[in-house]
Amino acid sequence: MAAMRSSTSTPSAPLAHLDFSGIDRLPRLRGSDFELVVGRHAPAEGSIPTPAMLFVPGAYHGAWCYAHYLSYFAQRQIDCYAIDLPGHGELADASGFAELGIENLGACVRRACAMLDRPVVVVGHSMGAVPAMLSASHRRVRGLVLLAPSPPGNLAGAQALPAVSHQGLRPPPDEGEIRSRFVGADDGDDVSGVVARLSAESPRVLNDRYLLRVSVDPAGITCPGICFEAERDDPARHPAGQDEAIARFLGLAYRCLLDQPHSMMYGAHWQASAEAIFEWYARQFGASSAAADAASSVPPAAPAATSSPL
């Protein structure tokens, strides 16, 4: 866990890696019950393009949490999108959200893959990893990346958690938990950028995860994939060996990313996690090293100005 320091009366400066404002300037594409934030979209021009990347947020999070990743992969000439699922991000006020479960969110991800109508690598974080797993048998999915994933319910030895009340939406964690578990920040660090964007979560979604109610058929996942564990993750939700067991169960590669908190896509070392994903992607799909070299001269958190709407 993160080293803690005594708080003082002097407020800390905002953390640069918790500035998600770049995503607010990107185009959005409306689906039936979801929205996609477009980091980069280029016409196929008659040939089959290298797979796009579709980022799926976890509980309480929206597409905004992938602001840095969208910039990073767009700079490397990879089409990329982040999804706002019903009840999350800009769709936080979606009606009927409290009645939706993880399988409903998985169906949203499958519809997004179909709407993109191109090969897709689905990247799922935490709870969002389970909808990503459920979508992996879709014909458009060419790869699966799991980031600090929640386990499927049929994983032997998976750690169940206490259920939450079914009465109303569940509010996001408090600032202390955000600092220690999500961000891996020091006591007193300004995490208001995260607090302002988290949304209340469906109790059915949470209990689907906590009570291990959603199973995944590993035989249906035939695409290549990798599971990334966050070294500094919460051991109560990610006990030792669980993430590696998920990878083994689904037939995926596995790697533990050192010094990463649970929300590695916006932790202080988020770029190291993006680089690990890109390295895997390049090995699988032959992404251009020249594009990566060119992108290295671009500020890592710059907005993806190359984006264009579908």
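What does the charge count around ARG40 come to, taking other residues whose C-beta lies under 11 Å from its C-beta (Lys +1, Arg +1, Asp -1, Glu -1)?
Within the 11 Å Cβ shell, the charges total 0.
Determine ³J(HN,Hα), in whole Hz, for all residues of the stretch 263-269 in sequence, where each value follows from phi through the Karplus function 6.51 cos²θ - 1.76 cosθ + 1.60 and θ = phi - 60°; x replaces Gly and Pro.
8, 5, 6, 9, x, 4, 10
Looking at the calculated P(r) for the stretch 147-226, what percent of the C-alpha pair distances fall above 16 Å?
65 percent
Could you tell me the calculated FRET efficiency between ASP187 and PHE285, based on Cβ-Cβ distance and R0 = 35 angstrom, to the nearest 0.05?
Given R0 = 35 Å and the Cβ-Cβ separation, E is 0.25.
From the helices alone, meaning DSSP H stretches of at least four residues, give me the mean residue ellipticity at 222 nm for the chain, per-run term -39500 (n - 2.57), in deg cm²/dmol to the nearest 500.
-7000 deg cm²/dmol
So if I take the centroid of the Cα atoms in the stretch 20-83 and the same for the stretch 130-146, what is the distance between those two points in Å?
Each part reduced to its Cα centre gives a spacing of 16 Å.
Express in nm, to one decimal, how much length is gained between SER215 and SER137 on full extension, taking 0.36 nm for each residue of separation and deducting their alpha carbon distance.
26.7 nm
Between GLU103 and GLU244, what is the FRET efficiency for a Förster distance of 35 Å, r being their Cβ-Cβ separation, to the nearest 0.05?
0.90
At 7 Å along the Cα-to-beta-carbon direction for both ALA272 and GLU90, put a label point, then send me their distance in nm to one decimal.
3.3 nm
I need the calculated FRET efficiency for the pair SER21 and VAL195, taking r as the beta carbon distance and R₀ as 22 Å, to the nearest 0.05.
Taking R0 as 22 Å, the efficiency between SER21 and VAL195 is 0.90.
Coordinate-derived values only; no laboratory data. Just so it is clear, the structure is predicted and the values come from calculations on it, not from any experiment. Glycine gets a Cβ as well: all are built from the backbone with ideal geometry, and neighbour counts include every protein chain shown.
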